[in-house]
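Take a look at the structure below.
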Amino acid sequence: MSTRVNSKRGTTTHILWSDLGGKVAKGSGEGFSFRVRFGEYEVEVRGSRGDVLETIKELPNLMLGLNKALENLKAKAAATVAVKAPATVVKAESPVEKYPKIPKVESCSEAILRILESDWGKWRPRTVTELKEALAANNLHFPGRILAGDLLALVRKGVVRCWKTDKGYVYILAEKEALVQ
């Protein structure tokens, strides 16, 4: 917590910052507050309305100091986690080697299934962009609308599973359940 004293009026404006995971305590009797998120941190300025508005006018200068303070906090947090991995030589992959090779196909749906049936497709769920790049690596160019429509049809048939992630929707072959008797 940092406190700024306004020398003109002799009043105090409190400036609080905390990690978004933490709680900022609300003070009683303070009539006005202003809260801003700055990356993963949150800054709150509170006090009387006039003091807060005056502090906001000085915000560009305060943000420079705040940025330096938060960078110091980030640097300390980052320094606590250190992972050392043995140095390995990684062979640079060309885009063609990165994606699976599939035989000639008649339709977009068939091409999608061939790609998802490959080791590359089974390894992890794939986004539409990744599927489109894999098709392009096989010299198969389908419009995005056709690709999306065929993926939706495969999902509705239960052949492909789909769910939403941070990267967008991802697709993978649906597992066939073996009936044990």
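The values are calculated or read from the model by the stated rules, or taken from the named source; none is laboratory data. These numbers were taken from a predicted model, which means no experiment stands behind them. Don't worry about glycine lacking a Cβ; one is built from the backbone with ideal geometry, like all the others, and counts go over all protein chains shown.
Within the stretch 163-176, the set of residues being surrounded by fewer than 16 Cβ atoms within 10 Å (Cβ to Cβ) and under 17 Å from Ala111 (Cα atoms) comprises just one member, Ala174. When the stretch 53-70 is filtered for residues that are in a helix (DSSP H, G or I), of a type in the set (D, E, K, R) and either surrounded by 16 or more Cβ atoms within 10 Å (Cβ to Cβ) or modelled with pLDDT of 75 or more (or both), the ones remaining, listed by number, are Glu54, Lys57.
Is the stretch 45-52 home to any residue that is surrounded by fewer than 16 Cβ atoms within 10 Å (Cβ to Cβ) and either at pLDDT 75 or above or in the same structural domain as Gly168 (by TED's automatic domain parsing) (or both)? Checked the stretch 45-52: at least one residue is surrounded by fewer than 16 Cβ atoms within 10 Å (Cβ to Cβ) and either at pLDDT 75 or above or in the same structural domain as Gly168 (by TED's automatic domain parsing) (or both). Take Ala78 and tell me if it is under 30 Å from the mean Cα position of the chain (by Cα) and at pLDDT below 80. Yes; evaluated as a whole, the condition is true for this residue. Taking only the stretch 155-173 into account, find how many residues are more than 14 Å from Thr127 (Cα to Cα) and either in contact (Cβ under 8 Å) with a residue 24 or more places away in the chain or assigned to a strand (DSSP E or B) (or both). Within the stretch 155-173, residues that are more than 14 Å from Thr127 (Cα to Cα) and either in contact (Cβ under 8 Å) with a residue 24 or more places away in the chain or assigned to a strand (DSSP E or B) (or both) number 1.
Can you go through Leu147, Leu152, Leu135 and tell me which one is touching a His at 6+ places or on another chain (Cβ under 8 Å) and either modelled with pLDDT of 95 or more or part of a helix (DSSP H, G or I) (or both)? Before the answer, list the steps.
On the way: Leu147 fails: touching a His at 6+ places or on another chain (Cβ under 8 Å); Leu152 fails: touching a His at 6+ places or on another chain (Cβ under 8 Å).
Leu135 is the lone residue from the list that is touching a His at 6+ places or on another chain (Cβ under 8 Å) and either modelled with pLDDT of 95 or more or part of a helix (DSSP H, G or I) (or both).
Return yes or no: is Ala92 small (Gly, Ala, Ser), assigned to a loop (DSSP other than H, G, I, E, B) and modelled with pLDDT under 65? So Ala92 fits the description; yes.
Count of the stretch 108-131 residues, restricted to those that are buried (at least 18 other Cβ atoms within 10 Å of the Cβ), of a type in the set (Lys, Arg) and in a helix (DSSP H, G or I), is 1. Of the listed requirements (1) surrounded by 10 or more Cβ atoms within 10 Å (Cβ to Cβ); (2) not in a loop (DSSP other than H, G, I, E, B), Leu140 misses just one: (2). Candidates Trp123, Trp163: the one that is at pLDDT below 95 and within 14 Å of Tyr99 (Cβ to Cβ) is Trp123.
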